[in-house]
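Data first, discussion second: the structure below is written as C-alpha cells.
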Amino acid sequence: MKEKPCMDILEMLEKEEDCSQGDIVSLLRCDDPEVVEKLFTIADTKRKKYVGDGVHLRGLVEFSNFCRKNCFYCGLRKENKKLKRYRMSFEEIYALCERIARLGIRTIVLQSGEDTWYEAKTFAELIHRIKKLGVAVTLSLGEREPWEYALWRDAGADRYLLKQETFDRELFVHLHPDDDYDKRLECQKVLKDLGYQVGSGNMVGLPYQTCEALALDIKKFQEWDFDMIGIGPFIPHPDTPLGEHVMDPEAKCLLTLKVLALTRILTKNTNLPATTALGTLVPGGRERGLRCGANVLMPNFTPSPYRMQYTIYPGKICVQEAWGNCLPCMEKMVTKLGRTVATGFGDRVRNSS
Ligand code: 5AD
Ligand code: SF4
Ligand code: FES
C-alpha cells in the first residue's frame, strides 16, 4: 500500500480521526521541519483541550535503590556492584512525606528498585499513615504479587506506575533477563481491576528499537487506556551492559518529543510527565516536553545523600540541588511557559467509550 503523505496524516489527527501504526511510523520517520512543527502544535492544542493549562506536580521520593533485577539498561541493576546502596526506614519515609505535604504537594510518588525488604504489610501501614496527610499516593515498586497490590490498594494507595518499557516482545525479552512480557501486562490488569489508576510508559532510543516498535508502543498506550504514561529517552549508563550505546542527544530528544506528541493526540486526556530523563538529555528538555503534550512534572524530594545514589542513568539533573529547591524552580518553569501549577489531585477522568 502506498504511504499517505505526512501532512494528510496530520490533518486526520487534527480532526481526531484514528490513524494506523503505519501512519505513526511515517510521522516518526519524517524529518521535514514543517511536519514536525505542526505535529507539536497539534499536540499542544489537544493538551490544552483535554487537560488544560494546569501542570500537576508529583513529589518524588526514591526511598531505596536496592533491586533484585538485572534490566540491561538500568544503573540500579543488581549486578552493578559499583553503586552504593541505601534504604530509607519507614519512619524516615513518613517524616519526609509529612514535609512534602506541608509544601502543598498533592501527590506523593513512592519509588524504589524491586526491593522486597519492604514487607507488604508494613508498607501498607505506611501508606495508611501517609494517606492521612491528605495526599494522593502513587506507588512505583515494580512487579509484586496480586495480594500485595490488593493490600496496598486497601490501605489507600491511589495509583501505580509500572512501565512496559517497550511493547515490542522481542526487544522486551532482550532487555529483561528476569522478566516476562505477559506477566508484566498481567500485573497491569490486576492493578486496573483493583481500581488503581495505572501508569505505563516506554523508553525511546533503545538499542535495536525501530520506529515500528515505537509506533506499536503508542498504539498499545491507546488500546490499554492507561491513566499515566511516562515517556523518556534511554540514557546509557556506563556500568550496565548497554553503556556503550551512542545516539545524538538532539535526535533522541526529537524522537522522544514526537512519541510524546503522538501519545497526547491519540490518548487525549492521559497524564503525561515531562520526564527528568528528557531534562537530563538536553538543556530545556522538560520545557520542550511541556510544549509537546506533557502536563505533569515530578519534583525530586529524595533527601541527600540518597538522591545522588539513585543513579538509574548518569548525569541526572537536580541531584545537586538543596532539598525542596525543585519546587520553586518548577513553579517558575511553568509560569514562564504561560501555564499554571494545578491545585487539584490530578486524577484522570477515564474515557467512557
Ligand atoms: N535511561 C533512561 N531511563 C531509564 N530507566 C531505567 N534505566 C534507564 C536509562 N538508562 C527508567 C525506566 C524504568 C525506570 C526505573 O527508569 O523507564 O522504568
Ligand atoms: Fe530494577 Fe527497575 Fe532498574 Fe529493572 S528498571 S533494574 S526492575 S530498578
Ligand atoms: Fe530540580 Fe530545577 S527542577 S532544580
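The values are calculated or read from the model by the stated rules, or taken from the named source; none is laboratory data. As the structure is a computational prediction, the values presented were derived from the model and not from experiment. Glycine gets a Cβ as well: all are built from the backbone with ideal geometry, and neighbour counts include every protein chain shown. Please note that ligands, DNA and RNA were not included when accessible areas were found on the heavy atoms of the full protein model with its side chains. Shrake-Rupley method; radii C 1.70, N 1.55, O 1.52, S 1.80 Å.
Within the range 256-265, identify whether any single residue is surrounded by fewer than 22 Cβ atoms within 10 Å (Cβ to Cβ), away from ligand 2 (no atom under 15 Å from the Cβ) and of a type outside the set (Lys, Arg), and answer yes or no.
Residues of the range 256-265 that are surrounded by fewer than 22 Cβ atoms within 10 Å (Cβ to Cβ), as a first pass: none.
Within the range 256-265, not a single residue is surrounded by fewer than 22 Cβ atoms within 10 Å (Cβ to Cβ), away from ligand 2 (no atom under 15 Å from the Cβ) and of a type outside the set (Lys, Arg).
Here's the yes/no breakdown for (1) crowded, with 18+ Cβ neighbours inside 10 Å; (2) touching a strand residue (DSSP E or B) at 6+ places or on another chain (Cβ under 9 Å); (3) in contact (Cβ under 8 Å) with a residue 24 or more places away in the chain:
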| site | (1), (2), (3) |
| --- | --- |
| 40 | yes, no, yes |
| 79 | no, no, no |
| 98 | no, no, yes |
| 105 | yes, yes, yes |
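Any residue at all in the range 169-185 that's buried (at least 16 other Cβ atoms within 10 Å of the Cβ), away from ligand 1 (no atom under 16 Å from the Cβ) and at pLDDT 95 or above?
Taking every residue of the range 169-185 in turn, none turns out to be buried (at least 16 other Cβ atoms within 10 Å of the Cβ), away from ligand 1 (no atom under 16 Å from the Cβ) and at pLDDT 95 or above.
Out of all the residues in the range 240-248, is one or more near ligand 1 (Cβ under 9 Å from one of its atoms) and open to solvent by less than 10 Å² (accessible area, probe 1.4 Å)?
Checking the range 240-248: not a single residue is near ligand 1 (Cβ under 9 Å from one of its atoms) and open to solvent by less than 10 Å² (accessible area, probe 1.4 Å).
When you check residue 149 against the structure, is it within 18 Å of the chain's Cα centre (by Cα) and either within 16 Å of ligand 2 (Cβ to nearest atom) or in contact (Cβ under 8 Å) with a residue 12 or more places away in the chain (or both), yes or no?
Working: within 18 Å of the chain's Cα centre (by Cα): no; either within 16 Å of ligand 2 (Cβ to nearest atom) or in contact (Cβ under 8 Å) with a residue 12 or more places away in the chain (or both): yes.
Taking the combined requirement at face value, the residue does not satisfy it.
Give the range 138-168 a look and list any residue that's more than 14 Å from ligand 1 (Cβ to nearest atom), among the basic types (Lys, Arg) and either at pLDDT below 95 or under 21 Å from residue 68 (Cβ atoms) (or both), or say none. Full working, then the answer.
Here is the first cut: in the range 138-168, the residues more than 14 Å from ligand 1 (Cβ to nearest atom) are 144-159, 168.
If we keep only those that are among the basic types (Lys, Arg) as well, we get 144, 153, 159.
The answer is 144, and nothing else.
Listed residues 122, 116; which is open to solvent by 20 Å² or more (accessible area, probe 1.4 Å), more than 16 Å from ligand 1 (Cβ to nearest atom) and either part of a helix (DSSP H, G or I) or among the aromatic types (Phe, Trp, Tyr) (or both)?
Working: 116 fails: either part of a helix (DSSP H, G or I) or among the aromatic types (Phe, Trp, Tyr) (or both).
Just a single option satisfies the conditions, and that option is 122.
Could you check the range 134-171 and list, in sequence order, the residues that are of a type in the set (Phe, Trp, Tyr) and within 18 Å of residue 348 (Cα to Cα)? Outline the logic, then answer.
Taking the range 134-171 and keeping what is of a type in the set (Phe, Trp, Tyr), we get 147, 149, 152, 160, 167.
Once the filter is applied, which keeps residues that are of a type in the set (Phe, Trp, Tyr) and within 18 Å of residue 348 (Cα to Cα), the range 134-171 yields only 160.
For the range 213-266, name all the residues that are among the small types (Gly, Ala, Ser) and either in a helix (DSSP H, G or I) or under 23 Å from residue 38 (Cβ atoms) (or both).
Start the filter on the range 213-266 by keeping residues that are among the small types (Gly, Ala, Ser), which leaves 213, 215, 230, 232, 243, 251, 261.
Within the range 213-266, 213, 215, 251, 261 meet the criteria.
Select from the range 267-297 the residues that are in a loop (DSSP other than H, G, I, E, B) and surrounded by 24 or more Cβ atoms within 10 Å (Cβ to Cβ) and list them in ascending order. I'd like the intermediate steps shown before the answer.
As a first pass, look at the range 267-297 and keep what is in a loop (DSSP other than H, G, I, E, B): 268-270, 272, 274-275, 282-284, 291-295.
Correct list: 270, 272, 274, 275, 292, 293, 294, 295.
Hey, could you check the range 222-239 for residues that are free of Cβ contacts under 8 Å to residues at least 60 places away in the same chain and closer than 20 Å to residue 277 by Cα and say which is surrounded by the most Cβ atoms within 10 Å (Cβ to Cβ)?
Step one: filter the range 222-239 for residues free of Cβ contacts under 8 Å to residues at least 60 places away in the same chain, giving 222-224, 226, 229, 231-233.
Imposing the further condition that a residue be closer than 20 Å to residue 277 by Cα reduces the set to 229, 231-233.
Details: 229: 28, 231: 32, 232: 27, 233: 24.
So the residue we want is 231.
Which residues, counting only those in the range 173-231, are among the basic types (Lys, Arg) and either under 15 Å from the mean Cα position of the chain (by Cα) or within 22 Å of residue 70 (Cβ to Cβ) (or both)? Lay out the reasoning, then the answer.
The first filter runs over the range 173-231 and keeps only residues among the basic types (Lys, Arg), leaving 183-184, 189, 192, 219-220.
Once the filter is applied, which keeps residues that are among the basic types (Lys, Arg) and either under 15 Å from the mean Cα position of the chain (by Cα) or within 22 Å of residue 70 (Cβ to Cβ) (or both), the range 173-231 yields 183, 184.
With respect to residue 345, determine if the residue is modelled with pLDDT of 95 or more, surrounded by fewer than 21 Cβ atoms within 10 Å (Cβ to Cβ) and among the aromatic types (Phe, Trp, Tyr). Break it down into steps so the answer makes sense when it comes.
On the way: modelled with pLDDT of 95 or more: yes; surrounded by fewer than 21 Cβ atoms within 10 Å (Cβ to Cβ): yes; among the aromatic types (Phe, Trp, Tyr): yes.
Yes.
Out of 66, 72, I need the residue that is modelled with pLDDT of 95 or more, touching a Lys or Arg at 6+ places or on another chain (Cβ under 9 Å) and surrounded by 15 or more Cβ atoms within 10 Å (Cβ to Cβ). Which one? Lay out the reasoning, then the answer.
Details: 72 fails: touching a Lys or Arg at 6+ places or on another chain (Cβ under 9 Å).
Only one candidate passes the filter, namely 66.
Just to be sure I understand the filter: pairs with C-beta atoms under 7 Å, separated by 6 or more residues or on different chains, first member in the range 262-284 and free of Cβ contacts under 8 Å to residues at least 60 places away in the same chain and closer than 13 Å to residue 16 by Cα, second member open to solvent by 20 Å² or more (accessible area, probe 1.4 Å) and assigned to a loop (DSSP other than H, G, I, E, B). Which pairs pass?
Listed pairs, sorted by first residue: none to list.
Kindly provide the set of residues from the range 298-327 that are in contact with a helix residue (DSSP H, G or I) (Cβ under 8 Å, 6 or more places away or on another chain), touching a residue at least 24 places away in the same chain (Cβ under 8 Å), surrounded by fewer than 20 Cβ atoms within 10 Å (Cβ to Cβ) and not small (Gly, Ala, Ser), ordered by number.
Matches in the range 298-327: 303, 316, 317, 318.
Go through (1) within 14 Å of ligand 2 (Cβ to nearest atom); (2) part of a loop (DSSP other than H, G, I, E, B); (3) open to solvent by less than 10 Å² (accessible area, probe 1.4 Å) and name the single condition residue 163 misses.
(3)
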